[in-house]
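Written below as structure tokens is the structure these notes are about.
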Amino acid sequence: MAHIGIISPNASGHLNPMIALADAIRSRGHSITFFLLGAQPLSVSAAGFEVVQLGGSIFPVDEYQTGIQRLGTLSGRAALSHTTNLIARATEAILEMGPSLVQNSGVTALVVDQSSFAGGTAADHLGLPFATVCNALMLNSEPGIPPFFSSRQPRNQWWSRLQNRIEWAGLNRLYAPIMKQIQEYRRRQSLNVPAQIADTWSNRLQISQQPVAFEFPRQELPKQFRFVGPLRRPDGQAPVPFPWDQLDGRPLIYASLGTLQNRAAATFRMIAEACAELDVQLVMSTGRGLAPDKLGKLPGHPIIVAYAPQVELIQKSTLVITHAGLNTVLDALSVGVPMVAIPITNEQPGIAARVAWTGAGEALPAKRVTPDRLRSLIRRVQKEPSYRAAAERVRRSIQSGGGAPLAAEIIEKIGETFYSPIS
């Protein structure tokens, strides 16, 4: 029996799939400990996993929580820059505290979220095997693929590849302070020094919860990269109260802007206005950043809740309106429901671009949303059968992907062999 440590951002979009993976690993007889910044999340403790607080005085709980809350008020490049600053603070905490905490916990291997850049260095410091898991949109760079923050789709023209290179280079400049932290730490510990962010990920196993059908054509992925599809627990999400008796039989539209960047009250109001003139019933989930009563009385009288039984509602929906968070998009694609994506920041434009590229929906940047534009896209996606057919194609890819059980099996099979220091 192994003792697996998990290092991940303390945000539901990363934690929920990681909990599913941890549950699958535990079902194979192994023990699990989470190493997290910020306040101890109820979702992890409710699943029966140990949590070790990672920030200490370097990145205190209240500062982490304040940083996460502020992210919910930002959009575009400002949010991307703020996210990078949070990662830099997290990098310092992981490097300074991670190795001793992991060692004292008796962990024998690590599973590290791809955006927790310093996690692999903590593993290398201790000589532990580690695997990288892409719980958000995969960050792997490639000249033919636009960066994750771009709303563009890949093109074969030389100018498109040049633009990709310029944007990837700009992202590397943004990451430079984080890379400097990692490089200096590794020099002090006499470890091999990575040249770029990709060198901090496992060179034996990288797992993505994207299905292969929901990724642009790739030519340069490392041989250790595996698409397994959504990481979900077999028993689904914990029960969430919902007024099911208020559903009236009209075609259902489910709208969510996620749990972080969800304070866009104006966007929720425009969604309600767009749907009010359609023969549909709208359910909106506002998340923790916006109380439903703060939206006031909205046209069309939508059902508004802070938290929703998302999977069950999507199964009953004809269309999903989403901020293009990966987990909501995968929940919709898992049951073949098309979408209208309204990306706000970070990797959401890239996810929305993939929704449009697969044909499973349409994308409308948050800055361009008006009730009329949104209503037109809703009508188009609901009327044209090709969108649902495309969502069905991705659904079949998800069904054959293997999900959390396969990911756990791969991690277990590779075992000690998936480790070697960064070179």
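The values are calculated or read from the model by the stated rules, or taken from the named source; none is laboratory data. Just so you know, these numbers come straight off a predicted model, no measurement behind them. Positions of Cβ are backbone-derived with ideal geometry, glycine not excepted, and every protein chain shown enters the neighbour counts.
Under 8 Å by Cβ, and 6 or more places apart or on different chains, what pairs join a residue from the range 406-423 that is within 13 Å of Q224 (Cα to Cα) with one that is modelled with pLDDT under 50? From the range 406-423, the pairs are I411/F418.
Per the conditions (1) without any contact (Cβ under 8 Å) to a residue 40 or more places away in the chain; (2) of a type outside the set (F, W, Y); (3) in contact with a helix residue (DSSP H, G or I) (Cβ under 9 Å, 6 or more places away or on another chain), the sole criterion not satisfied by M1 is (3). Please indicate, with yes or no, whether at least one residue in the range 375-396 is in contact with a helix residue (DSSP H, G or I) (Cβ under 8 Å, 6 or more places away or on another chain), without any contact (Cβ under 8 Å) to a residue 60 or more places away in the chain, among the hydrophobic types (A, V, I, L, M, F, W, C) and crowded, with 24+ Cβ neighbours inside 10 Å. There is at least one residue in the range 375-396 that is in contact with a helix residue (DSSP H, G or I) (Cβ under 8 Å, 6 or more places away or on another chain), without any contact (Cβ under 8 Å) to a residue 60 or more places away in the chain, among the hydrophobic types (A, V, I, L, M, F, W, C) and crowded, with 24+ Cβ neighbours inside 10 Å.
Evaluate the following for A389: is it small (G, A, S) and more than 28 Å from S115 (Cα to Cα)? Yes: the conditions hold for A389.
Answer yes or no as to whether A131 is on the phi < 0 side of the Ramachandran plot, part of a helix (DSSP H, G or I) and surrounded by 24 or more Cβ atoms within 10 Å (Cβ to Cβ).
Details: on the phi < 0 side of the Ramachandran plot: yes; part of a helix (DSSP H, G or I): no; surrounded by 24 or more Cβ atoms within 10 Å (Cβ to Cβ): yes.
Against the criterion (on the phi < 0 side of the Ramachandran plot, part of a helix (DSSP H, G or I) and surrounded by 24 or more Cβ atoms within 10 Å (Cβ to Cβ)), A131 does not qualify.
Taken together, the criteria exclude P309 from residues that are surrounded by fewer than 21 Cβ atoms within 10 Å (Cβ to Cβ), of a type outside the set (D, E) and either under 15 Å from the mean Cα position of the chain (by Cα) or farther than 22 Å from P241 by Cα (or both).
Residues in the range 83-114 that are within 15 Å of P177 (Cα to Cα) and polar (S, T, N, Q): T83, T84, N85, T91. Determine which member of the set G76, G29, G56 is exposed (fewer than 15 other Cβ atoms within 10 Å of the Cβ) and either under 25 Å from R204 (Cα atoms) or out of contact with any helix residue (DSSP H, G or I) (no Cβ under 6 Å at 6 or more places or on another chain) (or both). Within the list G76, G29, G56, the selection yields G29. Taking the range 313-423 and the strands (runs of 3 or more DSSP E) fully enclosed by it, the elements with 3 or more residues that are of a type in the set (V, I, T) and out of contact with any His (no Cβ under 6 Å at 6 or more places or on another chain) are at 317-322. Selection of the range 272-294 for residues being out of contact with any strand residue (DSSP E or B) (no Cβ under 6 Å at 6 or more places or on another chain), in a helix (DSSP H, G or I) and surrounded by fewer than 19 Cβ atoms within 10 Å (Cβ to Cβ) yields E273, A276, D293, K294. You will find that of A93, A79, A109, the residue that is among the aliphatic types (A, V, I, L, M) and under 19 Å from G13 (Cα atoms) is A79 and no other.
Table: residues versus (1) assigned to a helix (DSSP H, G or I); (2) over 16 Å from L174 (Cα atoms); (3) in contact with a Leu (Cβ under 8 Å, 6 or more places away or on another chain).
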{"position": "Y64", "(1), (2), (3)": "yes, yes, yes"}
{"position": "T84", "(1), (2), (3)": "yes, no, yes"}
{"position": "S116", "(1), (2), (3)": "no, no, no"}
{"position": "D124", "(1), (2), (3)": "yes, yes, yes"}
{"position": "N140", "(1), (2), (3)": "no, no, yes"}
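Among residues of the range 56-85 that are farther than 16 Å from E347 by Cα, those with a beta-carbon under 6 Å from a residue that is among the charged types (D, E, K, R) and assigned to a helix (DSSP H, G or I) at least six positions away or on a different chain give the pairs I58/E92; I58/E96; F59/R89. Of L282, L333, all but one fail to be of a type in the set (A, V, I, L, M, F, W, C), within 29 Å of A389 (Cβ to Cβ), at pLDDT 95 or above and more than 18 Å from the chain's Cα centre (by Cα); the exception is L282.
Of all residues in the range 244-270, those satisfying the criterion of being among the aliphatic types (A, V, I, L, M) and either modelled with pLDDT of 95 or more or assigned to a helix (DSSP H, G or I) (or both) are L247, L252, I253, A255, A265, A266, M270. Filtering the range 202-246 to residues that are among the acidic types (D, E) and either surrounded by fewer than 16 Cβ atoms within 10 Å (Cβ to Cβ) or assigned by TED's automatic domain parsing to the domain that holds Q281 (or both) leaves E220, D235, D245.
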